[in-house]
Structure formats: structure tokens, C-alpha cells
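To start, the structure under review is shown below, and the notes come after it.
The values are calculated or read from the model by the stated rules, or taken from the named source; none is laboratory data. These figures come from a predicted structure and were not determined experimentally. With ideal geometry, Cβ positions are generated from the backbone for all residues, glycine too; neighbour counts draw on all protein chains shown.
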Amino acid sequence: MRRGIVQLVALGVVIAVLLTLVALLFKWLPSSASVEFNRIQDVYWFATAIAIGIFSLVSAVVIFSVWKWRVPLDDDADGPPIHGHTGLEIVWTAVPAVLVIAIGIVSAVVLAKNGEAGSTPPLQVNVIGQQFTWKFVYPGYGNKTSGELVLPIHRQTKFTMTSVDVIHSFWVPNFGQKMDAVPGIKTTIYVTPTRLGNYQVVCAELCGLGHATMRAKARVVTQGQFVSWVKGK
Amino acid sequence: MTTAQHDHVGPQPYPEHYEPPHGPRWRLFFGPGLGRALWMTPLFFSLGMFLVVGLRWWWGWPPAFDWTVIVAIGGMVAAPVGFLTGIGAFDYWLHYISGRPTRPEDHSGHGATSWKDYFRVNTDHKVIGIQYLVTTFFFFTVGGFMAMLFRAELARPGLQFLDSQSFNGLVSVHATLMIFLFIIPAFAGIANFVVPLMLGAPDMAFPRLNALSYWLLPIAGVMFLASFVAPGGAFGAGWTGYAPLSVDGPVGNIFFNMGVQWAGASSVMTALNFLVTIITMRAPGMTFWRMPLLVWANFTTSLLVVIATPFIAGSQFFVFFDRVLHTSFFTPDGGGYVLGYQHIFWFYSHPAVYIMMLPGFGIVSEVISTMARKPIFGYRLMALSLIGILVLGFSVWAHHMFVAGMANWLRVPMMITTLLIAVPTGIKIFSWIATLWRGRIHLTTPMLFALGFVTMFTIGGLSGIYLGAVPIDIHASDTYFIVAHIHYVLFGGSVFTIFAGIYYWFPKMTGRMYDERLGKAHFWLTFVSFNATFFPMHYLGLRGMNRRVFDYPAAFGGLNFFITIASFVLGASVVVFFYNMIMSWARGPIAEGNPWRSHTLEWQVSSPPPIFNFDEIPQVVGGPYEYGVPGARHAVLAPAREVEEVPV
């Protein structure tokens, strides 16, 4: 049986290594362009490590059992009458509980950080969703209104959103932050861009016939470029 | 389907079929059955229409002919009642109410001797079980075709051959059919056939109610499909039907609002029936701790159904009232609360995920224990973890709303309860693989599907942990990551267990064996194409492809094309299944009473079982999974005094 355990562990390690390669060699997440998404990616990798461990364990035991203990269909003996093992059952109740609570704590910390205003007052942008366009209003700059989202780099931005018809959802994949624009109420998120470039705002909540094409351009620019854009006509 | 019974050798348990006194030919149209339903349905529709038009005319509300209201009241309330009356679902009760003679001992509507009996109101739980399964697999096929249609559309970015309304409609109706007309009722069908047998009972507690709950189901299915001919097209607000989109959208949405009522009523009636059956009709000696885990699973599922389903019924009525009566439950203009819809909807629809999963847990426990020839590992903890999921399942609904704009303080508590559900679920997974350990594993088709389930559901559970963690969910919510997750849970989870259950009980239901080679081919084809279809969706979602879209960035084109091809193979794999089922049912080798050498009660009678299941009520003397214990038995089918209790 000792040899069997060694084989099982080896099988589990092989599966875990393969999965780790799949997790690392493909680029599963878009490159982060915000402070918030950096933090979210940390949670993602933490959860991924745990997920690889659990899946390797389960699949290794299934494959190993079938490999070792498969019998022909006409075999008519029974297996050993093992009804349970209290110690083992306590372990597989307690260990997952600890793991998920760890994920919960990490998530709660990141959630709190991502939802907290910094020491300097954030740039305010009001987002209005309407079938099937986005409108961005800059109340700090004479209510400048634009169909394109332009943000200064390294400046925390507070998005306050609402909708004039049905529910929409504001999402820039590279920012990692998402929030529904709901008629009748105001919702908020914070984004602090960290990379210059062009991105896309997409609507993530089914909002009707034009849902798939409800997109807008998002640009992250330098502070100087932002000021000249926001003051221009 | 009939040859199975005619060719069946061995004791022929069916008594002489009761034939009603034949009158002239008009009996066909006045006796209970499809003939009478054919004219009663339009009659009741007209009554509903006259009620609506008459009241509007009398009140002076123009226009008197408002087709939205006529279709809603005449078509979706009155006509179904007419259909049910016509088919005879109410006959016994109407006789009773009107003081006409009833015959409680009349079993003419019980059991099937020809295929025609499957198209009548039948009170035999075994007939109803098969009616459920054939109906649900019909809708599974229709829903699958819809999926292949919109996958074909998604093979390339931009619109190919659909327009955006029909795309949204196909996506919404696909999900609705698969949830309300396939997974939930398919489990009800399997449980209908198996649970009374497992309990040692002659039938369900309320056989007429059981027949009624089956006949509500096709009504809901026809309603969902009929929405395609509504002006403006099928309901296209997703199966979640979020207000206010579902209030403002085309009139097809009311087909969803009302169809859910019929499917929901069917579920609630069946669940009540299961609860009463399980509580009151267990054979002597069948304590709760001796019940097979499938019975435990259906007990907890039924509790979930009766507690949760009224919430979706309410939410859909409110949406319907917002549209037709111009109330404003969920529309902001009249002071309504938009997020209220989501809270009520998910208060049902999250427990609904467990309604769609717990019966599968039960099936897998039966299959793994029998096929590994070992007692289920940690039986009591397995039953208790079902209760744990039941209780926790009601405290997690708002994890569907982490980005919905609900109160911020609600996120962390909902995250913690959500993550904690991984604990009872983990107990189940670990107990199944511990049951495999040192077993004598018979790799039959049901076992392959059960093991496929254990691994695929683990992936679905783990992606659920990603989504339970609020920060990851904020990024991944409403993307293809969600689509991947729900299909790993509902296809890799629920559908695999339905297949496992169908193969496992096929010999019991039909009296014939399925073809093992075709079964294995079906499994491997499904397993590979399922993963090829849904695994890449995790990637697409995280990379930025939002869900429910007909168009997407060109960069995702290659992978979407691959997924489309894989989904066609997945569709083709179902053809292998149907071929196997139909051919084996017609001409498969005759099955023994207990081909798997299982200990549970349904296998101790002939295949198919006698009309009232047991000649004598069996005596339960031990646990259901005592494989390998010398001399252990679950039950004896002889008078109780002749046997001694077997120590467990």
C-alpha cells in the first residue's frame, strides 16, 4: 500500500504541474491598467493556487482508484466494508473551511481597499447609461460631457453612475472594475489608471437589442493632456 | 416503447385493464383525453377572452380588444385550465365536488399497457416518471438546437444570419427551457419513478396530484416556445428577466412571466407530494438513517422547492402587473425599486441551483456505492451536508448582485456564506472519492458519468469560489466566465448525473438493457466535447468577452469558432444517446430484476416493477449500502416476523 500512496502522490504532482503550466503559460487575464485590478489579480492568483491543489487531489484519487481497483464487469465480489473515518471527515471539513475563509479575508481586504477614497480628492466622473450609448460628465470641469472616457494617469477617479432607461453595467476589462448603472439609484466605483493607452468601455448587463454594440472608447492620458482635453471644446 | 412490456417474460403483474363502458364514437370527444382537450382548450380561451373584453367594454376602457390582456388571461390562464379539464386531470375531484359517485378503488387510470396510456392522465408513479423523462428530453433537444443556432451565429464576430432580437430570444429561451423544462423536471421524473420504490411504497402519497403536476409541465413548455410567434419576438431579457428591461420589452416577456407560473406550480405540487410520501410512506423499519441518499436528496430538494418557488412566482407576477396594470413594483418612474426584482428573483433562483444539483448528488451516491461495491463513505455526514446546503443555500442569494449596486455592507457577509457552501459540498466530493478507494470498481456507463460528474463538478465548484470572492467577481461577473461556470455546474454537474441516472435505472424502467458500448461512446464523446466547448469560455470571459452578445472583438474570433465546432460535436453526442435509448428500449436484451446487484429496494422487484410495486410491504432491516458486510441486507420482502434484525 505504501507504494500505492507514493504513486498517488506522484500522479497528483504531475497533474498539479501540468495545471500550473496551463495557468502560467496562457495569459488568462488582460494586462492590468489600474491599481484596483492589480489587487484583484493578487486575489485571483491566490484562489488559483488553491483551486489547482484541490482539483489535482480529486482527479488524482479518481484516476488512481480506477487504475488500481477496476474489475471486470462480471466480477461479483464486494469491496471492504469501510463505513467512514471520523478523523478524515473532520480533516476534510476543517481544511476547506480554513482555505475558503482565507480567501474570504483576502477578498474583504482587497474589496475595502478598492472602495476607499484616497487622501487627495478623486476626480469625479458621472456615467450615464442609455440604450445604447455611454455618456461621461465631468462635474469638476463645467459639466463637460463626452461620449469618450478620458482619464489622467495615476489619479484616482470616482465614477458615479446611473441609467435613464434599463440596467446597464460599466466595465473596462483592463481596469478590472465593474458596476451596474441602475435607473433610479446612483452607484459608485473607484479606478486609478496606471498605464497610458486606449481601452474600451463595454456594457456587461443585457440591456436590449443593441447590448452587444454598446461600447465607448476609454483613453488614459497624462495629466497635461487631460487638462487640455477637458478644457477644450 | 410498448414492445418492452409485451415481450416481457416472467410474471405479468398487470391486472386486466379497466375499460370504461364504450358508448358511441362521441366518447372520444367527451371522455377524458386529448380529444376532449382539443375543444375545451379553445372554449376556455374564448371564455377568458369574453371576460376581458366584456369587462373592458363595460368599464369603458378603450380599446376593448387589448390583445396583450386577452392573450395573457385567455391564452395563459383560461386555456391551460381548459386543457387540464379536457385531458381529465380534474375529473375525479370534479365528480367528488359535484356529489357524483367516485370510485376510489378504480385503478383504470393506473399503469400502462399500451403506448397510448402515456398520453392520458395516469396516476401510476412509474408511468408519470417516464412521461416526465420523455417530455423533458424533448425540450432538452429543442433547447440544444437553439444553443447550436446561436453558437453558429457566434462562430464569427458581427451578425451572420440572425438579428439581435432573435439572438436574445434564442439565448433566453434556451436557458429557460433547459432550467424549467429539462433539469428540474428530469430530476422530478427520475425521482418519481425511483423514490416510491426505494421507500417500499406502492405509489406516491397523492397519485392524482402527481398526474396533475406532470400535465402542467407541457403547458409551460409550449408557452415558452409560443413566445417566438408573439409580435416583437420571444422574450429576450435573459432567463433572469431583469426589470425594467422585461417590463418595457416586447410582449413576448409575458410568456415568460406566465410560463414560469405553470412550471413553478408543477414543481411545488411535486415537491409537496415527495415530502408527504417520504415522511409518511416509508416501509416498516425504514428510519431516516436507513434511507438511500437519493431519498435524502429529494427530501431536501423538495424543502427547497416549497420554500423558494413562491418567490419567483411573485417576482414574475409583479413584472406582469407592472406591464399590464401599470403598477410600479420595479420601475423607477412610479417610485419602484429596481433592485427589488433581483433580490426576490435570486432568493428563489439561487436555491434553484441546489434544486438542480441535490437530486444529482443523490443519483451519484447510488451509482458510486453500487458500482464500487462499497458502503458510501460517511453516510450520515453525506445526509447532513445536504441539510447544510439547504440551510446555507438561503443565505447567499445576493452573491449574484455584487456589481448590481446593492447595499455595500451586504457584500462581505454574502461572500462568507457563499464560500462556506464549499464546505458541505467538499464533504460530498471527498466522501465520493473515499468510497472509490479500495473498491471493486465496475466501469459501466452510469459509473463513467458519475466519475465524470465528480471531476467536472469540482471544476464548477472551484470556479464558483472565484466568483464567490467579491473582487474577482467584480471583474468576471456578466462575462463568459459565468457562462463557463454555470455550464460546468449545470451540464458537467446536473446533466451528467441525469445521464448517469437514466443509464443506471434504464433496465428497471424498461425491463431491457442498454448497449454498453454505445453508452461508453456517448460518455467519451460528451466528456471531450463538453470540455472543448466550455473550458475556453473561462478564458474568453476573463479576457473581456461579456455575455449575451452577438458581436465581440475580432481577437476572440478563433476561439469562438473552435467553441462553435465543439458545441456541434456535443450536439451530435446526444444522437448516440437517443439511438441507444430507442433501440435498446425496443429490442435490447431482457434485463434481470437486479443487474447491478444493488441492495436498495427498487432492485428487489422485477424489471419493470409490478403495477403496485410490491406484493407485500417489505421490511427494512439495515442500511442501504452494506456492500461487503457478510450477510447484510437492506430489506426483506417477506413478512417481518420471519427475519431477525441484522446488526449494522
- Message: Can you find a residue that is surrounded by 24 or more Cβ atoms within 10 Å (Cβ to Cβ), in contact (Cβ under 8 Å) with a residue 12 or more places away in the chain, more than 14 Å from chain A (Cβ to nearest Cβ) and at positive phi anywhere in segment B:176-197?
- Response: no
- Counted residues in segment B:200-254 being more than 30 Å from B:His110 (Cβ to Cβ) and either in contact with a His (Cβ under 9 Å, 6 or more places away or on another chain) or of a type outside the set (Ser, Thr, Tyr) (or both) come to 28
- Could you tell me which residue of segment A:8-41 is surrounded by the most Cβ atoms within 10 Å (Cβ to Cβ), considering only residues that are at the interface with chain B (Cβ under 9 Å from one of its Cβ atoms) and over 19 Å from A:Ile189 (Cα atoms)? A:Leu29
- Note on the structure: Reported set for segment B:428-442 where residues are of a type in the set (A, V, I, L, M, F, W, C) and surrounded by fewer than 22 Cβ atoms within 10 Å (Cβ to Cβ) is B:Trp437
- Message: Test of understanding: among B:Asn298, B:Asn257, which residue is closer than 30 Å to A:His83 by Cα, buried (at least 24 other Cβ atoms within 10 Å of the Cβ) and touching a residue at least 24 places away in the same chain (Cβ under 8 Å)?
- Response: B:Asn298
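Name the single residue that is nearest to the other protein chains (Cβ to nearest Cβ) among those in segment A:174-193 being in contact (Cβ under 8 Å) with a residue 60 or more places away in the chain and under 19 Å from A:Leu111 (Cβ atoms).
Narrowing segment A:174-193 to residues in contact (Cβ under 8 Å) with a residue 60 or more places away in the chain: A:174-177, A:189-193.
After this cut, where a residue has to be under 19 Å from A:Leu111 (Cβ atoms) as well, the list is A:175-177, A:189-192.
On the way: A:Phe175: 9, A:Gly176: 5, A:Gln177: 6, A:Ile189: 8, A:Tyr190: 11, A:Val191: 11, A:Thr192: 15 Å.
So the residue we want is A:Gly176.
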- What is the one condition in (1) modelled with pLDDT of 95 or more; (2) facing chain B (nearest Cβ under 9 Å); (3) closer than 30 Å to A:Pro193 by Cα that A:Ser65 does not satisfy? (3)
- Message: I'm told B:Ile387 meets every condition in (1) at the interface with chain A (Cβ under 9 Å from one of its Cβ atoms); (2) more than 26 Å from B:Leu542 (Cα to Cα) except one. Can you identify the failing condition by its number?
- Response: (1)
- Identify, please: which residue in segment A:211-233 is buried (at least 16 other Cβ atoms within 10 Å of the Cβ) and more than 14 Å from chain B (Cβ to nearest Cβ) and is, among those, farthest from A:Phe136 (Cα to Cα)? A:Val221
- Item | Counted residues, segment B:198-227 - those being surrounded by fewer than 24 Cβ atoms within 10 Å (Cβ to Cβ) and of a type outside the set (A, V, I, L, M, F, W, C) | 5
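Run down A:Val201, A:Val164 and say which single residue is at the interface with chain B (Cβ under 10 Å from one of its Cβ atoms) and out of contact with any Gly (no Cβ under 7 Å at 6 or more places or on another chain).
Only one candidate passes the filter, namely A:Val164.
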- Task: With the condition kept exactly as written, say whether any residue in segment B:158-181 is farther than 18 Å from B:Ala234 by Cα and at pLDDT 95 or above.
- Result: no
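Table: residues versus (1) in contact (Cβ under 8 Å) with a residue 12 or more places away in the chain; (2) in a helix (DSSP H, G or I); (3) hydroxyl-bearing (Ser, Thr, Tyr).
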site	(1), (2), (3)
B:Pro32	yes, no, no
B:Arg36	yes, yes, no
B:Leu43	yes, yes, no
B:Ser46	yes, yes, yes
B:Met49	yes, yes, no
B:Val52	yes, yes, no
B:Arg56	yes, yes, no
B:Pro62	no, no, no
B:Phe65	yes, no, no
- Message: Checking the conditions here, which among B:Ser494, B:Ser529 is over 23 Å from A:Pro72 (Cβ atoms) and either surrounded by fewer than 23 Cβ atoms within 10 Å (Cβ to Cβ) or not hydroxyl-bearing (Ser, Thr, Tyr) (or both)?
- Response: B:Ser529
- If A:Gly129 satisfies every condition in (1) out of contact with any His (no Cβ under 9 Å at 6 or more places or on another chain); (2) more than 9 Å from chain B (Cβ to nearest Cβ) but one, which is the exception? (1)
- Message: Looking at segment B:87-107, I want the residues that are in a loop (DSSP other than H, G, I, E, B) and have a partner that is of a type in the set (Phe, Trp, Tyr) with Cβ atoms under 7 Å, at least 6 apart or on another chain. Which pairs are those?
- Response: B:Ala89/B:Trp215; B:Thr102/B:Tyr92; B:Thr102/B:Tyr96; B:Asp106/B:Tyr18; B:His107/B:Tyr18
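Residues that are farther than 30 Å from B:Gly622 by Cβ, away from every other protein chain (no Cβ under 14 Å) and surrounded by fewer than 24 Cβ atoms within 10 Å (Cβ to Cβ): does segment B:154-165 have at least one?
Pass one, segment B:154-165, residues farther than 30 Å from B:Gly622 by Cβ: B:154-165.
Pick out the ones that are also away from every other protein chain (no Cβ under 14 Å) and you get B:155, B:161.
Adding the requirement that they be surrounded by fewer than 24 Cβ atoms within 10 Å (Cβ to Cβ) leaves B:155, B:161.
Yes, segment B:154-165 has at least one match.
Being hydrophobic (A, V, I, L, M, F, W, C), assigned to a loop (DSSP other than H, G, I, E, B), touching a helix residue (DSSP H, G or I) at 6+ places or on another chain (Cβ under 9 Å) and within 14 Å of chain A (Cβ to nearest Cβ) narrows it down to one of B:Ala283, B:Ala234, so name that one. Full working, then the answer.
Values: B:Ala283 fails: within 14 Å of chain A (Cβ to nearest Cβ).
Just a single option satisfies the conditions, and that option is B:Ala234.
Does any residue of segment B:286-294 turn out to be closer than 15 Å to B:Ala188 by Cβ and in a helix (DSSP H, G or I)?
Of all residues in segment B:286-294, those closer than 15 Å to B:Ala188 by Cβ come to B:294.
Add one more test, that the residue is in a helix (DSSP H, G or I), and what stays is B:294.
Yes, because at least one residue in segment B:286-294 is closer than 15 Å to B:Ala188 by Cβ and in a helix (DSSP H, G or I).
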- Scan of segment B:320-342 for residues that are away from every other protein chain (no Cβ under 13 Å) and within 28 Å of B:Ala271 (Cβ to Cβ), ordered by number: B:Phe320, B:Phe321
- Query: Of all residues in segment B:549-607, which are over 23 Å from B:Ser166 (Cα atoms), among the charged types (D, E, K, R) and within 14 Å of another protein chain (Cβ to nearest Cβ)?
  - Reply: B:Glu592, B:Arg597
- Kindly establish whether B:Pro471 is more than 9 Å from chain A (Cβ to nearest Cβ), in contact with a Gly (Cβ under 9 Å, 6 or more places away or on another chain) and buried (at least 24 other Cβ atoms within 10 Å of the Cβ). no
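Among the candidates B:Pro446, B:Pro424, single out the residue that is in the same structural domain as B:Met537 (by TED's automatic domain parsing) and free of Cβ contacts under 8 Å to residues at least 60 places away in the same chain. Write out each step before concluding.
Working: B:Pro446 fails: free of Cβ contacts under 8 Å to residues at least 60 places away in the same chain.
Of B:Pro446, B:Pro424, the one residue that is in the same structural domain as B:Met537 (by TED's automatic domain parsing) and free of Cβ contacts under 8 Å to residues at least 60 places away in the same chain is B:Pro424.
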- Query: Would a scan of segment A:90-103 turn up a residue that is more than 7 Å from chain B (Cβ to nearest Cβ) and either within 26 Å of B:Met447 (Cβ to Cβ) or in contact (Cβ under 8 Å) with a residue 60 or more places away in the chain (or both)?
  - Reply: no
- Could you give me the residue pairs with C-beta distances under 6 Å whose first residue belongs to segment A:43-72 and is touching a residue at least 60 places away in the same chain (Cβ under 8 Å) and basic (Lys, Arg), whose second residue is in a helix (DSSP H, G or I) and surrounded by 17 or more Cβ atoms within 10 Å (Cβ to Cβ) wherever it lies, and which are 6+ apart or on separate chains? none
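Given the options B:Asp551, B:Asp515, name the one that is assigned by TED's automatic domain parsing to the domain that holds B:Trp239, among the acidic types (Asp, Glu), touching a helix residue (DSSP H, G or I) at 6+ places or on another chain (Cβ under 6 Å) and more than 20 Å from B:Ala175 (Cα to Cα).
Working: B:Asp551 fails: more than 20 Å from B:Ala175 (Cα to Cα).
After ruling out the rest, the residue left standing is B:Asp515.
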- Message: Residue under question is A:Gly208, and the condition is that it be assigned to a helix (DSSP H, G or I) and surrounded by fewer than 24 Cβ atoms within 10 Å (Cβ to Cβ); does it hold?
- Response: no
- Note on the structure: Those helices (runs of 4 or more DSSP H) completely within segment B:116-224 that have 1 or more residues that are over 16 Å from B:Ala265 (Cα atoms) and not assigned by TED's automatic domain parsing to the domain that holds B:Tyr552 are none
